[in-house]
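What follows is a short report on a single structure.
The values are calculated or read from the model by the stated rules, or taken from the named source; none is laboratory data. On a predicted model such as this, the values are computed, not experimentally measured, just so you know. In this analysis, Cβ positions are derived from the backbone assuming ideal geometry, glycine residues included, and neighbour counts consider all displayed protein chains. Just so you know, the surface numbers come from the protein's heavy atoms only, side chains and all, with ligands and any DNA or RNA stripped out. Shrake-Rupley method; radii C 1.70, N 1.55, O 1.52, S 1.80 Å.
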Amino acid sequence: MGSASAASLPTSAGAGENLVLILDFGSQYTHLITRRVRQLGVLSLCVSGTAPLSSLAGLRPRAVVLSGGPHSVHAPGAPSFPDGFLGFAAAAGAHVLGVCYGMQLLVQTLGGAVEPGVRQEYGDMEVDITAPSSALYGEAGDRQSVWMSHGDEVVRLPEGFEVVARSVQGAIAAIEHREKRFYGLQYHPEVTHSPQGMETLRHFLFDVCGIKADWKMQDVLDEEIKTIQSMVGPDEHVICALSGGVDSTVAATLVHNAIGDRLHCVFVDNGLLRYKEQERVMSTFNSDLHLPVTCIDASEKFLSELKGVKDPETKRKIIGREFIVVFDELARMLEQKLGKRPEYLVQGTLYPDVIESCPPPGSGRTHSHTIKSHHNVGGLPKDMKLKLIEPLKLLFKDEVRKLGSILNVPESFLKRHPFPGPGLAVRVIGDVTAGNALEVLRQVDEIFIQAIKDAGLYDEIWQAFAVFLPVQTVGVQGDQRTHSHVVALRAITSEDGMTANWYDFERQFLVDVVKKICNNVRGVNRVVLDVTSKPPATVEWE
């Protein structure tokens, strides 16, 4: 998993006195540390562990967490924090907590020894707290169940460190050097498999580091409005691409609060929308949000450009390019009307989009990889004339919903399932214009989502949708042999979309849905259920 460059963060992000900086060394759990700290009411930012020290300029964290990672500290090219980092932390008065790989890296850098473990420890493990006066644990008791995931282990501590916990197999599980403010945990306190891990993080942040829980959504709102007002001049205009989803709706409402009617919203029908999406969304914009929205039907142009294209990345880039063409045309139209061309484009980019669109430490890549290129940060041409405003780029989805609630965005919008920027293009595998794939998918998706709503399950599920597969199979319908399409159903539960589990429907629900699909959607004779979690899969299929 990658992380955002600190250089891309607003300068105000690290201006407060209670910032926790997470240095990402590639653990699949890194984002969970960020979230857990925020759940405790403290601002945390995740940056690449290998980012140059200059990119951290202006940040004065009260605590720095060195994340876990899949590497061995002995492996060639293993990621490490930049030269001078420990001096930077000391100058900021920051406490440094190494987690798993982060602890091993800290120990090795300071002159201790890390070696391959005699007994590698993975999964649930009991640890004994050996120092009753430990700063890390306080009055936590004598034994905890934790989640281990390491092959190497610390065998010799640097000078001044103390062992404060060991696994039942004898491996060093927690260390501390109070005078220099260095701490380490060989296990992952951020995962639910470490039941007392959250309490350990709470104790570390509040009792050891003296941090205050002062990060609130109202403060985020006030700060973002100030930032937008300082960025956009008093006579400048802004375009906002509305999709009807949570992110763009909250972003538009926030920017509208900041600059009023100088915001010009546009809803683009790219031909890749869900069943009756245009009329449903436009009706809600007008009746509930009272935002000035122009609807542009560009479906014919989008679909003509996508004709015959099967490669997922090429599809996304075409869609991103065509969106910008529409926005540029709108900007020209507004220039004629207003006498001034809009300079800015609002997007509902979220923190997971930023994190997952950067290369993972130790990967050897310096460019963005493509796990999340179907989101707002991907697919846009480099020569785009409009400057981006991304007021939600530091927030997770649940935080965006809280912000939307403060902005009085209707619950019906805030509870909507996420929908990818390229729409159904990432849910029709291959050529989206082949046959009647889009129409079939719309009908299947509508039946599936309506069934979920009728069963009262919509709010329990993070995201649900159908996928059209470029596969035909033999079936029997109406006593006749058929050779028809296969569709897949996917429903997941998640907190932020960065990890997810598949939703376990009751059998009768699935029986009823499959029967309704096969009886009502011409051209479908087989329905499959996607029961893959993330990881190893992504949420969308393309």
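Computed quantities for the displayed model
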quantity	calculated
Rounded, prolate or oblate (a/c below 1.5 giving rounded, otherwise prolate when a/b exceeds b/c) for the range 74-190 by Cα gyration tensor	oblate
Difference of contour (0.36 nm per residue) and Cα-Cα distance, ASN257 to VAL471	72.2 nm
Heavy-atom SASA rank of LYS340, LYS385, LYS393 (probe 1.4 Å, accessible area, largest first)	LYS385, LYS340, LYS393
Euclidean distance of C-alpha centroids, the range 426-492 and the range 257-314, integer Å	22 Å
Rounded to whole Hz, the Karplus (6.51, -1.76, 1.60) HN-Hα couplings of the range 386-403, x for glycine and proline	6, 8, 7, 10, 10, x, 10, 5, 9, 10, 8, 4, 5, 6, 4, 5, 5, 4
Within the range 177-265, GluC sites (Glu not before Pro) in DSSP loop having at most 15 other beta-carbon neighbours inside 10 Å	GLU179, GLU236
Label-to-label distance, nm, for residues given as GLN450 and ARG321 (7 Å Cα→Cβ offset)	3.8 nm
The range 436-529 - share of DSSP beta bridges that are antiparallel (%, nearest 5)	75 percent
Computed accessible area, LYS397, all protein chains, 1.4 angstrom probe, square angstrom	20 Å²
DSSP bridge orientation in the chain - percent antiparallel, rounded to nearest 5	50 percent
Whichever aspartates and glutamates have a C-alpha closer than 20 Å to that of LYS301, once near sequence neighbours (fewer than 8 apart) are set aside	ASP269, GLU277, GLU279, ASP311, GLU313, GLU322, ASP328, GLU329, ASP431, GLU439
Cα-based shape type of the range 217-415, given that a ≥ b ≥ c are square roots of the gyration tensor eigenvalues and the cut on a/c is 1.5	rounded
Length added when fully stretched, LYS515-ILE296, from 0.36 nm per residue minus Cα-Cα	75.2 nm
Those lysines that a straight Cα-Cα span of less than 24 Å connects to LYS393, excepting residues fewer than 8 apart in one chain	LYS212, LYS216, LYS226, LYS317, LYS372, LYS382, LYS385, LYS402, LYS415, LYS534
Check: the chain dipole with +1 on Lys, Arg Cβ and -1 on Asp, Glu Cβ, in debye	920 debye
Farthest toward positive dipole pole in the range 20-208 [+1 Lys/Arg, -1 Asp/Glu at C-beta], among GLY111, THR30, SER167	THR30
Pairwise label distance in nanometres, ASN436 with SER54, each label 7 Å out on the Cα-Cβ vector	6.0 nm
15 Å Cα-Cα reach of LYS180 towards aspartates and glutamates, excluding residues that sit fewer than 8 places from it in its own chain	GLU159, GLU162
R0 of 35 Å, Cβ-Cβ distance HIS483-SER412: FRET efficiency to nearest 0.05	0.30
Label of the coordinate-derived value, Cα Rg over 2.2 N^0.38 Å, listed as [x] 0.96; [y] 1.01; [z] 1.05	[z]
Top positive-direction residue, dipole computed over the range 434-542 with Cβ charges, set ASN436, ALA491, ILE461	ASN436
Structure-based [θ]222 nm, the chain - -39500 (n - 2.57) summed over DSSP H runs of at least 4, per residue, nearest 500	-8500 deg cm²/dmol
Probe 1.4 Å - accessible area at VAL266, Å² to nearest ten	0 Å²
GluC sites (Glu not before Pro) within the range 406-467, DSSP loop, no more than 13 other Cβ atoms inside 10 Å	none
Virtual paramagnetic centre 7 Å along Cα→Cβ of ALA113, amide N under 15 Å, in the range 150-167	153-159
Percent accessible area from carbon and sulfur atoms, the range 20-208, protein chains only, probe 1.4 Å	48 percent
Carbon + sulfur, % of accessible area of the range 217-415 - ligands and nucleic acids excluded, 1.4 Å	49 percent
Estimated inter-spin distance, LYS387 and ASP222, nm [label 7 Å along Cα→Cβ]	2.6 nm
Helix 437-454 vs. the chain, principal-axis angle (Cα, 0 to 90°, nearest 10)	60 degrees
Förster-model FRET efficiency, 41 Å R0, GLN336 and LYS276, C-beta, rounded to 0.05	0.80
Å² of accessible area per residue within the range 427-538, as computed with a 1.4 Å probe and no ligands counted	49 Å²
